[in-house]
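**Student:** Take this structure first; my questions come after.
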Amino acid sequence: MFTGHDQVLLFGRGEDAQRVFDERNHGVFEAAHRAQFLSGIIQPATAFLGHLTFVAVAVCGGLRVASGAMTVGEIQAFITYTLQFNNPLTQAAALVSIVQSGVASAERVFELVDADEQTPDPQEPRQLPGISGKVEFEQVSFRYEPDEPLIEKLDLAVAPHETVAIVGPTGAGKTTLVNLLLRFYEPTSGRITLDGIDIAALPRAALRRHIGMVPQDTWLFEGTIAANIAYGKDSATHEEIVAAATAARADHFIRTLPDGYQTLLDENGANLSDGERQLLTIARAFLTEPPILVLVLDEATSSVDTRTEVLIQHAMADLRTDRASFVIAHRLSTIRDADTILVMEQGRIVEHGRLEELLAADGAYARLYAAQFARVATQLA
């Protein structure tokens, strides 16, 4: 509610938000009050019982001394033993609240410790000299839940210098395909190869250095624009940073800012628009220029205007030169020039081919195309 304060006010939910906050805040107050009261009363109660024991020993001992049944020295010994016995109990009572906090924290720690371990990198990893960029998925299956299959026995081959676009409805497995390639997840069965080498035999860090990715959800850190662009290449010079920004069509808007490339960004670039943040992540990919293989573009132009989108597409055409490229798109306008278009539904490739071939087939892609373009053309007419 705090981060979405404008939306709360826009929809007139301020009073509801205040009511929910008051309810939850009162619940936290009551729970904290009980916890503090109980933890605060334990040690005084234990000390009080210890003092009662001391008084009981003194009174009973005084009566026994008066009757001649005990000596003063024996009473002194009893009192000393009582104090020695009460001290550890008082100290233990003081630790009760700490023990309770430790038990609560231990539950979270053990939940993490008991989680499945990431598959370790091979002890004798393969090397990747002279990569051409051929990627193959061989009978790849994957599922997040054991009883809920997502991708089943997928076969896919991407040749070097080829641009492959992947389209389909939400939940079809498009982004999961990329996550498998980057080894954020491991296939349930089958294998993925790079130039004939199983990527499971490669160190994750070495594999990911060969893959440039522009994600749909932009991520920028608090720092200068130049530092954000150079995040993947610490040794980048200012000239290289400017060249990458120019190629991504970001140089113009950067120079209009008060401090240019030294402009400080808020956390996650909150002082920039969505489109500007996306342009910076594209510039970051331009700068790294992975010496490989595959450039992964995940809805790279979803937050920019149409003119900028066209400019970015031309720039990315240069970036994709001599690289195999995956383009995951919902907006079909971003994939018109793809060498091959794959249509995924429920984890399977149901169609593949060039744009003209898929439209002529009048299948799943033709339906997606009509939904985005034919309907719009009818409305404009």
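Please treat every number below as a calculation from the coordinates, not as lab data. Everything quoted here is computed from the prediction, not taken from an experiment. Every residue, glycine among them, receives a Cβ derived from its backbone with ideal geometry; neighbour counts consider all protein chains shown.
**Student:** Before anything else, pin down the relative contact order of the chain: Cα pairs under 8 Å, at least 6 apart, normalised by residue count, whole percent.
**Tutor:** After rounding, I find 17 percent.
**Student:** Sort M70, M213 so the one with the fewest other Cβ atoms within 10 Å of its own Cβ comes first.
**Tutor:** M70, M213
**Student:** Given (1) 30; (2) 20; (3) 46 as candidate values of percent of Cα pairs over 38 Å apart, which corresponds to the one derived from the coordinates?
**Tutor:** (3)
**Student:** Only helical DSSP H runs with n ≥ 4 go in: add -39500 (n - 2.57) per run for the chain, normalise by residue count and round the 222 nm mean residue ellipticity to 500 deg cm²/dmol.
**Tutor:** Rounded to the nearest 500, the figure is -15000 deg cm²/dmol.
**Student:** Nearest 20 debye, what's the magnitude of the dipole of the chain about its Cα centre given +1 on Lys and Arg Cβ and -1 on Asp and Glu Cβ?
**Tutor:** For the chain, the charge dipole is close to 620 debye.
**Student:** If packing is taken as the average count of other Cβ atoms within 10 Å, what order do 281-288, 225-232, 111-118 fall into, highest mean first?
**Tutor:** Ranked from most to least packed, the peptides come out as 281-288, 225-232, 111-118.
**Student:** How about segment 5-67: which trypsin sites (Lys or Arg not before Pro) there are in a DSSP loop, with at most 16 other Cβ atoms within 10 Å of their Cβ?
**Tutor:** Taking segment 5-67 and a limit of 16 other Cβ atoms within 10 Å, the loop trypsin sites (Lys or Arg not before Pro) found are R13.
**Student:** So which trypsin sites (Lys or Arg not before Pro) in segment 184-241 end up in coil per DSSP with only 15 or fewer other C-beta atoms within 10 Å?
**Tutor:** On the way: sites: R191, R204, R208, R209, K233; in loops: K233.
Passing sites in segment 184-241 are K233.
**Student:** Which of the lysines could be linked to K153 by a straight reach, that is with a Cα gap under 27 Å, when you skip same-chain ones fewer than 8 residues away?
**Tutor:** Of all the lysines, those that pass the test against K153 - Cα under 27 Å, at least 8 places apart if same chain - are K134, K174.
**Student:** Another question, then. Would you work out which of A245, A31, I229 lies farthest towards the positive end of the dipole of the chain, given +1 charges on the beta-carbon of Lys and Arg and -1 on that of Asp and Glu, about the Cα centre?
**Tutor:** Going by the charge dipole, the pick is A31.
**Student:** Next question, about the same structure. Among the GluC sites (Glu not before Pro) in segment 166-256, which ones are in a DSSP loop with at most 15 other Cβ atoms within 10 Å of the Cβ? Mind listing them? Don't jump to the answer; show the numbers that get you there.
**Tutor:** Details: sites: E222, E239, E240; in loops: E222.
Loop-located and lightly packed - E222.
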